[in-house]
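Taking it in order: structure first as structure tokens, then the write-up.
The values are calculated or read from the model by the stated rules, or taken from the named source; none is laboratory data. Just so we're clear, the structure is a prediction, and the values are computed from it rather than from any experiment. Glycine also receives a Cβ, built like all others from the backbone with ideal geometry; neighbour counts cover every protein chain displayed. Ligands, DNA and RNA are excluded from the accessible area calculation, which covers all protein heavy atoms including side chains. Shrake-Rupley method; radii C 1.70, N 1.55, O 1.52, S 1.80 Å.
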Amino acid sequence: MNNKNGIVKKLYYAFEVELNSPLNVSSGDSYSTDCDVIRNASGELFVPGTSIAGAIREALNLKENEDGIMGYTCKTQGKMSSIFISDMYFTGEKTKVSIRDGVHLNKDKTVDNKFDNEIIETGAKAIIYIKCIIRQNTEDIIYKNAIQTLINKIQSGEFRLGNNKTRGYGRLEIVKAYGRYFDIDKKPILEEYLKFVQNEKDIGKYKDLEKYDEQFKVPCKDSSLITNQSEYITIDVPLKLTGGISIRKYSTRIGEADYEHITCNGKPVIPGSSWNGAIRADVYNILHELDVKNSESIINQWFGCIKDKNQQYDKGDAHKSLITFEESVIDGAVGIPVSRNRISRFSAATINSALYTEFSYFGGTTDLTIRIKKTDDMINKAIMAVLSIVIDDIQNGYVAIGGLTSIGRGVFEPNADVKYSEEIDANSNMDALYSVLFH
């Protein structure tokens with residue numbers, strides 16, 4: 001008897017990926033920090049397949065309560081996913097864990113709270129294995145196009161994993177792609193398939209899919225199924241550091257600096273959270289000067305907000321930021337240790353025999369990369385208009401990043417022209433800003 005729902009094909013993919021930014025997939029533990037990364041019983045770093053599956057579902061715009069290739073649940077109805085994703089384990093000498101210090105600043109740029117979290121540093125490598133099950137009366141092209149869309153999202157930076165995705169974390173890059181396709185209802189292929197599944201995570205059993213056009217796009221019967229259009233407007237701002245910068249991480253180890261500028265994989269960086277804090281504060285000042293009555297609500301809508309014990313946001317107001325700030329790597333900076341006298345906070349006098357040492361970076365260039373989620377056209381234009389004002393402030397040295405700004409740290413100047421991923425109309429954007437703010 002013929003099984004109308006029988007399996008006829010299996011598609012296997014393996015993607016060698018590298019972290020393009022730090023990653024924190026929380027274990028829920030707080031042994032070392034407020035938010036530790038996940039480890040297995042042997043101490044190996046990994047990302048659960050469930051976390052990857054959730055990110056893939058979001059990237060493919062698949063809803064949990066609607067039938068689709070990744071299954072669904074809706075009241076008493078449901079279907080199992082036809083796509084299976086493995087856990088992703090990190091290996092290699094570049095796999096390093098470090099601790100990031102962070103602070104929550106209020107609108108006056110004073111500290112409300114301090115926290116820290118573990119990150120897997122940029123450069124760590126891993127492999128993601130994906131298996132697609134094709135049943136009778138189902139087109140395999142649907143799955144191939146979904147995989148192609150996923151590849152596009154990963155390579156463009158729109159696919160993210162873990163926490164703080166809108167603050168630059170969790171970006172991957174596919175270094176190499178592999179695959180195997182099996183028509184298991186055909187006897188010669190079935191024998192080959194049975195040999196393959198004895199160890200389907202042996203990368204040597206896969207075929208190199210480096211030629212994307214041949215393996216991923218062909219034989220796509222309907223290329224409209226592939227999502228190539230970006231869901232974000234990207235702004236790239238090339239900057240030059242005019243002096244030093246000090247975004248601190250602290251140390252209690254003997255022989256090390258008391259604090260040093262934050263680094264990732266050995267390079268000085270500006271976290272997306274630092275950009276967000278400085279830019280959000282400047283936007284608040286701009287709206288305050290314009291006497292915008294509902295400025296808090298507008299900023300929360302644009303930059304996101306959470307329900308916490310201090311601010312008591314309503315449940316309906318908690319939502320994800322529309323603006324993503326990438327982590328910026330500073331190229332060409334020089335690291336210089338500086339020792340200073342400790343000052344008494346009470347008398348403002350030096351403390352005898354008390355020194356502290358900092359390690360800061362001076363000079364160099366970087367890029368501030370901002371992504372704006374495409375939503376309502378009027379809101380997008382308003383955000384671009386206010387960000388253009390902030391970018392001018394940063395380029396002219398009116399907005400400084402990090403600490404010790406009173407002595408000239410964290411000040412930038414333009415290094416090249418600002419680039420937009422789409423054509424913009426500055427006058428139209430400014431009209432939209434005033435419409436959103438005052439109507």
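Remarks
- Selection count, the stretch 15-43, where residues are of a type outside the set (Val, Ile, Thr), closer than 14 Å to Asn164 by Cβ and open to solvent by less than 60 Å² (accessible area, probe 1.4 Å): 7
- If you go through the stretch 79-95 and keep only what is assigned to a strand (DSSP E or B) and either closer than 10 Å to Ile69 by Cα or free of Cβ contacts under 8 Å to residues at least 24 places away in the same chain (or both), you end up with Lys79, Ile83.
- Unmet requirement for Glu58, which otherwise passes all of (1) open to solvent by 30 Å² or more (accessible area, probe 1.4 Å); (2) more than 24 Å from Gln155 (Cα to Cα): (2)
- Count of the stretch 137-168 residues which are assigned to a loop (DSSP other than H, G, I, E, B) and either on the phi < 0 side of the Ramachandran plot or not polar (S, T, N, Q) (or both): 9
- Cβ separations smaller than 6 Å between residues 6+ apart or across chains give the following pairs from the stretch 45-62 residues that are within 24 Å of Glu121 (Cβ to Cβ) to residues that are of a type in the set (Lys, Arg) and surrounded by 18 or more Cβ atoms within 10 Å (Cβ to Cβ): Ala59/Lys153.
- Checked across the stretch 159-175, the condition of being modelled with pLDDT under 90 and loosely packed, with under 15 Cβ neighbours inside 10 Å holds for no residue.
- Test: residue in the stretch 61-71 that is in contact with a Gly (Cβ under 6 Å, 6 or more places away or on another chain), open to solvent by less than 80 Å² (accessible area, probe 1.4 Å), within 21 Å of Thr149 (Cα to Cα) and outside any loop (DSSP other than H, G, I, E, B): no
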